[in-house]
Amino acid sequence: NPAVVGVNKQSVMGASYRSMWSGFEGSPVTATVFGSTYLEKANIGLGGYIYSDVTGPTSRRGIQTSYAFHIPLNEETFFSVGLEARFQQFSINKSMIVDALANDPVLGGATNRFKGDAGLGVALTSSRLQLGISASQLVQSKLNFYTGSLSRNEVARLYRHYYFHTNYSWLVDNNTRLIPNLLIVFLPNAPTDLQAGVRVEHRELYW
């Protein structure tokens with residue numbers, strides 16, 4: 001949700017690396033570098049990340065930037081509106097699938113596609129509770145790997161995603177905080193995804 005950029009009112013930088021299904025050829029590998037900051041005088045949050053996501057013969061690499069404007073409602077609560085812009089490269093490594101799909105017309109087209117898209121989100125944040133709703137890939141950019149003259153019933157595109165998230169901060173004692181969280185992801189023509197978890201923070205040093 002781009003609306004939560006800057007909600008902690010501090011600068012953040014980080015990186016992550018994830019390798020799944022270890023031991024399987026072509027298993028997913030994802031790497032991300034991210035950062036955000038907060039401009040206090042303007043009540044604005046700015047952020048972005050660079051990512052690489054490779055799964056077998058397909059890969060996505062790109063950059064996403066986010067902008068959020070925070071509107072104070074009282075000393076502890078504010079409403080936020082956020083926008084995101086995304087630029088990404090989709091690639092197909094044809095050498096990995098030519099044996100299985102030798103007659104597929106897509107193999108005669110381009111191997112790379114550069115696409116842009118956008119997202120929008122809103123969030124309500126207080127000292128204890130946060131609620132947010134957002135949508136990504138609003139433009140639903142078409143990938144168009146096939147460039148021939150054959151008729152087609154479907155076109156590969158960046159389908160719209162809808163998100164709802166919430167978390168609650170519970171101060172157990174002076175040193176420990178529990179933060180349960182919930183994320184719901186909805187896509188048309190796909191099962192709704194439900195994710196839940198709990199983060200434990202100790203002395204604002206370990207989590």
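The values are calculated or read from the model by the stated rules, or taken from the named source; none is laboratory data. Remember, it's a predicted structure, so these values are computed and weren't measured experimentally. Counting neighbours? That spans all protein chains shown, and the Cβs are built from the backbone with ideal geometry, glycine included. Note: accessible area is taken over every heavy atom of the protein model, side chains too, but ligands, DNA and RNA are not part of it. Shrake-Rupley method; radii C 1.70, N 1.55, O 1.52, S 1.80 Å.
Taking each residue of region 193-206 that is more than 25 Å from HIS161 (Cα to Cα) and looking for partners that are among the hydroxyl-bearing types (Ser, Thr, Tyr) and open to solvent by 70 Å² or more (accessible area, probe 1.4 Å) with beta-carbon atoms closer than 9 Å, six or more apart or interchain, yields VAL200/TYR206.
Select from region 135-152 the residues that are under 25 Å from the mean Cα position of the chain (by Cα) and either small (Gly, Ala, Ser) or not in a loop (DSSP other than H, G, I, E, B) (or both) and list them in ascending order. Break it down stepwise before answering.
Step one: of region 135-152, the residues under 25 Å from the mean Cα position of the chain (by Cα) are 135-145.
Across region 135-152, the qualifying residues are ALA135, SER136, SER141, LYS142.
Each row is one residue, and each column tells you yes or no for (1) aromatic (Phe, Trp, Tyr); (2) in contact (Cβ under 8 Å) with a residue 24 or more places away in the chain.
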{"residue": "TRP21", "(1), (2)": "yes, no"}
{"residue": "GLU40", "(1), (2)": "no, yes"}
{"residue": "GLY48", "(1), (2)": "no, no"}
{"residue": "GLY56", "(1), (2)": "no, yes"}
{"residue": "SER59", "(1), (2)": "no, yes"}
{"residue": "PHE69", "(1), (2)": "yes, yes"}
{"residue": "LEU73", "(1), (2)": "no, no"}
{"residue": "GLN89", "(1), (2)": "no, yes"}
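In region 14-21, is there at least one residue being open to solvent by 30 Å² or more (accessible area, probe 1.4 Å), aromatic (Phe, Trp, Tyr) and either farther than 23 Å from LEU120 by Cα or part of a loop (DSSP other than H, G, I, E, B) (or both)? Yes, the conditions are met somewhere in region 14-21. Number of residues in region 132-152 that are touching a residue at least 24 places away in the same chain (Cβ under 8 Å) and open to solvent by less than 70 Å² (accessible area, probe 1.4 Å) equals 11. Filter region 37-86 down to the residues that are assigned to a loop (DSSP other than H, G, I, E, B) and open to solvent by 70 Å² or more (accessible area, probe 1.4 Å), then identify the one that is nearest to TYR17 (Cα to Cα). Selected residue: GLU76. Restricting to strands (runs of 3 or more DSSP E) lying wholly in region 153-207: which have 1 or more residues that are surrounded by fewer than 11 Cβ atoms within 10 Å (Cβ to Cβ)? Ranges flagged: 193-202.
Without any contact (Cβ under 8 Å) to a residue 12 or more places away in the chain and under 20 Å from the mean Cα position of the chain (by Cα): is that true of MET13 in this structure? Show your work before the answer.
Working: without any contact (Cβ under 8 Å) to a residue 12 or more places away in the chain: no; under 20 Å from the mean Cα position of the chain (by Cα): yes.
Considered against the rule, which asks whether it is without any contact (Cβ under 8 Å) to a residue 12 or more places away in the chain and under 20 Å from the mean Cα position of the chain (by Cα), MET13 comes out as no.
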